[in-house]
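The values are calculated or read from the model by the stated rules, or taken from the named source; none is laboratory data. Since we're looking at a predicted model, the values are computed, not measured. Methodologically, a virtual Cβ is constructed for each residue, glycine included, from the backbone with ideal geometry; neighbour enumeration extends over all protein chains shown.
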Amino acid sequence: MKVSIDDMEEEACKVMLALDPNELSGNFYRRRLEKKSLFSACDRLIINYIKNNFDIKKDAILEPGCGVGQLSLALGVFGFKAEGLECDRKRYDNAVKIKSAFDKKFGNSRVSFTKGTYPELAPNAELLVSNNFACSYVKVNEDKMLKSFVRYPNLILNIKTFGFVRNDVEQKDLMDKLIALGFVPSLIHKTIYLLEK
Ligand SMILES: C[S@@+](CC[C@H](N)C(=O)[O-])C[C@H]1O[C@@H](n2cnc3c(N)ncnc32)[C@H](O)[C@@H]1O
């Protein structure tokens, strides 16, 4: 069965709209559901980039701060092994619920979700992907978090939304730190980069 991101969006929205609104954990997804657009434009870009440039047979993917897991789930439907790591209980629970609906509708995938905090939990992967990893943790532990990235051969990061919404100077500062850690950046789109060791 050929499944599109739009098909996945419809199914994921169905699951989330059936939840008690309190279970959404904040306004982040509430706003998206109002427009029935769970996958952001950046999610879609990243999913298509990975689909076209990584190997489903050997490239396991880790997504810290996965929220309700739409990005990891879509990669799973396209055949990748992916793990989403999420510290918020409700979002983690919702990711598991959407996965169960996806497995029924689109077939079992190699996606798993773990409730935990990155980088205290930092499972191995060929690629670490993070879109919208906005969190207070990064503000106080940025260097620790960036150093933890060194164990991953490839990163895909949206540098505009890493930790907090970054202006141009803050984006450059982040990129300089990643380059100093040995990563070589290539632009995927606007503020989304592939960084390779
Ligand atoms: C702005 S939301 C974005 C979620 C998802 N990436 C998306 O774009 O839909 C950021 C998520 O990161 C999670 N998070 C923040 N710090 C984290 C950490 N250190 N480890 C794991 N998850 C974290 C939050 O609970 C939240 O669900």
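Of all residues in segment 80-98, those that are free of Cβ contacts under 8 Å to residues at least 24 places away in the same chain have Cβ atoms under 9 Å from Cβ atoms of residues that are acidic (Asp, Glu), 6 or more apart or on another chain, in 92/86.
Okay, residues lined up against (1) more than 18 Å from residue 71 (Cα to Cα); (2) β-branched (Val, Ile, Thr); (3) at pLDDT 95 or above:
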| residue | (1), (2), (3) |
| --- | --- |
| 109 | no, no, yes |
| 113 | no, no, yes |
| 129 | no, yes, yes |
| 138 | yes, yes, no |
| 157 | no, no, yes |
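For segment 177-196, does any single residue satisfy the condition of being closer than 14 Å to residue 69 by Cβ and out of contact with any Lys or Arg (no Cβ under 8 Å at 6 or more places or on another chain)? Before the answer, list the steps.
Applying the first criterion (closer than 14 Å to residue 69 by Cβ) to segment 177-196 yields none.
The answer is no, given that none of the residues of segment 177-196 is closer than 14 Å to residue 69 by Cβ and out of contact with any Lys or Arg (no Cβ under 8 Å at 6 or more places or on another chain).
Any residue at all in segment 186-193 that's away from the ligand (no atom under 16 Å from the Cβ) and free of Cβ contacts under 8 Å to residues at least 12 places away in the same chain? Within segment 186-193 (the criterion being away from the ligand (no atom under 16 Å from the Cβ) and free of Cβ contacts under 8 Å to residues at least 12 places away in the same chain), the answer is yes, since at least one residue qualifies. Scanning segment 111-131 for residues being of a type outside the set (A, V, I, L, M, F, W, C), buried (at least 17 other Cβ atoms within 10 Å of the Cβ) and closer than 19 Å to residue 185 by Cβ gives a total of 2.
Return the residues of segment 68-83 that are under 21 Å from residue 152 (Cα atoms), within 10 Å of the chain's Cα centre (by Cα) and either surrounded by fewer than 24 Cβ atoms within 10 Å (Cβ to Cβ) or within 7 Å of the ligand (Cβ to nearest atom) (or both); say none if nothing qualifies. Within segment 68-83, 71, 83 meet the criteria. Of all residue pairs spaced 6 or more apart or on separate chains, those with beta-carbon atoms under 6 Å, a first member in segment 115-134 that is in contact (Cβ under 8 Å) with a residue 24 or more places away in the chain and a second member that is away from the ligand (no atom under 12 Å from the Cβ) and of a type in the set (Ser, Thr, Tyr) are 128/152. Could you tell me whether segment 46-66 includes any residue that is modelled with pLDDT of 95 or more, hydroxyl-bearing (Ser, Thr, Tyr), within 11 Å of the ligand (Cβ to nearest atom) and not in a loop (DSSP other than H, G, I, E, B)? No: zero hits.
Going through 154, 158, 167 one at a time, which residue ends up being out of contact with any Pro (no Cβ under 6 Å at 6 or more places or on another chain), within 16 Å of the ligand (Cβ to nearest atom) and within 28 Å of residue 88 (Cα to Cα)?
Exactly one of 154, 158, 167 is out of contact with any Pro (no Cβ under 6 Å at 6 or more places or on another chain), within 16 Å of the ligand (Cβ to nearest atom) and within 28 Å of residue 88 (Cα to Cα), namely 158.
Annotation note: Cβ proximity below 9 Å between a residue of segment 157-179 that is touching a residue at least 24 places away in the same chain (Cβ under 8 Å) and a residue that is surrounded by fewer than 12 Cβ atoms within 10 Å (Cβ to Cβ) (sequence gap 6+ or interchain) occurs for 160/167; 163/136; 163/139; 164/136; 164/139; 177/143.
The residues of segment 34-45 that are more than 9 Å from the ligand (Cβ to nearest atom) and assigned to a helix (DSSP H, G or I), listed by number, are 34, 41, 44, 45. If the condition is being within 15 Å of the ligand (Cβ to nearest atom), assigned to a helix (DSSP H, G or I) and more than 20 Å from residue 100 (Cα to Cα), then segment 11-33 contributes 27, 28, 30, 31, 32.
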